[in-house]
Amino acid sequence: MIHKIIVSDRSFNVLDDLTAEASNVSWQNNRIGGNAAFSFDLPVRFCEETALGGNFNVKIYRKNSSTKNYDLWYQGRIEDKINNVRGMDEILTVRGFGYQSELKDIYVDRDYTSKTIEFIVEDILDNDVTPNTNISKGTI
């Protein structure tokens, strides 16, 4: 296997290793940094046995040819699942986006008068982003 796919819940408790079942694995990097979209396909019958929830964490690892270990290449969250029929097969396409997509879930309704940009960013990170997302200050 070239790729390894691990799914965790929002608390990062590992739920499943989808490596053997996943096909058509793809991911993108954002041009301004971070991870963009990802997708992979799973057989529908497998998904009937496994609950893949929205906002679940997905880590995609890639096999390192020199060490033979798997290195983390992508991390994001599941945003939707699409049922597809391809010939005689039913496939579930799992799609999502990197963690910057969580920023759209944050709403800030405060005024910042006579404050520096550094103060504002730090305040929003501490009070809105870090407690309400999987984004930590070290990842920004």
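The values are calculated or read from the model by the stated rules, or taken from the named source; none is laboratory data. Keep in mind it's a predicted model, so treat the numbers as computed, not measured. Ideal geometry is used to build each Cβ from the backbone, glycine not excepted, and the neighbour counts take in all protein chains shown. Side chains included, ligands, DNA and RNA excluded: accessible areas come from the protein's heavy atoms. Shrake-Rupley method; radii C 1.70, N 1.55, O 1.52, S 1.80 Å.
If a/c stays under 1.5 just call it rounded; otherwise compare a/b with b/c (prolate if a/b is bigger, oblate if not). Do that for region 61-129, with a ≥ b ≥ c from the square roots of the Cα gyration tensor eigenvalues. Oblate, because a/c is 1.5 or more while a/b does not exceed b/c.
For region 9-140, the solvent-accessible area works out to 64 Å² per residue, with a probe of 1.4 Å and every protein chain left in place. Measuring between alpha carbons in the structure, the pairs from LYS59/LYS104; LYS59/LYS137; LYS4/LYS68; LYS63/LYS137; LYS63/LYS104 lying more than 24 angstrom apart are LYS63/LYS137; LYS63/LYS104.
Electrostatic tally near ASN69: other residues with Cβ closer than 12 Å to its Cβ, Lys and Arg +1, Asp and Glu -1, net +3. The HN-Hα couplings worked out from phi for region 111-121 by the Karplus form 6.51 cos²θ - 1.76 cosθ + 1.60 (θ = phi - 60°) are 9, 10, 9, 6, 10, 7, 4, 4, 5, 4, 4 Hz, whole numbers, x standing for Gly and Pro.
Taking amide H atoms as placed 1.01 Å from N in the peptide plane, the amide H of ASN35 lies under 5 Å from those of ASN30, TYR99, GLN100, each 5 or more residues away in sequence or on another chain. The calculated FRET efficiency for the pair ASP109 and ASN30, based on their C-beta separation and a Förster distance of 25 Å, comes to about 0.40. Each Cα pair under 8 Å and six or more residues apart adds its separation to the average, and for region 1-109 the resulting relative contact order is 26 percent. Along the axis of the charge dipole computed for the chain (Cβ charges of +1 for Lys and Arg, -1 for Asp and Glu, origin at the Cα centre), the listed residues GLN75, VAL121, LEU52 are led at the positive end by GLN75. In terms of Cα to Cα distance under 12 Å, which aspartates and glutamates are near enough to LYS115, apart from those fewer than 8 places away along the same chain? Candidates past the 8-residue exclusion: ASP123. Remark: region 99-108, residue by residue, has Karplus-estimated 3J(HN,Hα) of 5, 5, 5, 5, 4, 5, 7, 9, 10, 10 Hz, where x stands for each Gly or Pro and the curve is 6.51 cos²θ - 1.76 cosθ + 1.60 at θ = phi - 60°. Annotation: amide H of LEU15 within the under-5 Å range of VAL7, SER8, ASP9, sequence separation 5 or more or interchain, hydrogens built in the peptide plane.
Taken along the Cα-to-beta-carbon direction at a fixed 7 Å, the label points for MET88 and VAL44 span 1.5 nm. Match the structure shown to one of the listed values [x] 16.8; [y] 15.4; [z] 19.0 of Kirkwood radius over Cα pairs in Å, computed from it, and give that label. Recomputing Kirkwood radius over Cα pairs in Å here picks out [x].
Quote to one decimal, in nm, the extra length available between ASN13 and ARG62 on full extension: 0.36 nm per residue of separation minus the C-alpha distance between them. All intermediate terms of the calculation are to be shown ahead of the outcome.
Numbers: separation 49, 0.36 × 49 = 17.64 nm, distance 2.07 nm.
Net length gain for the segment: 15.6 nm.
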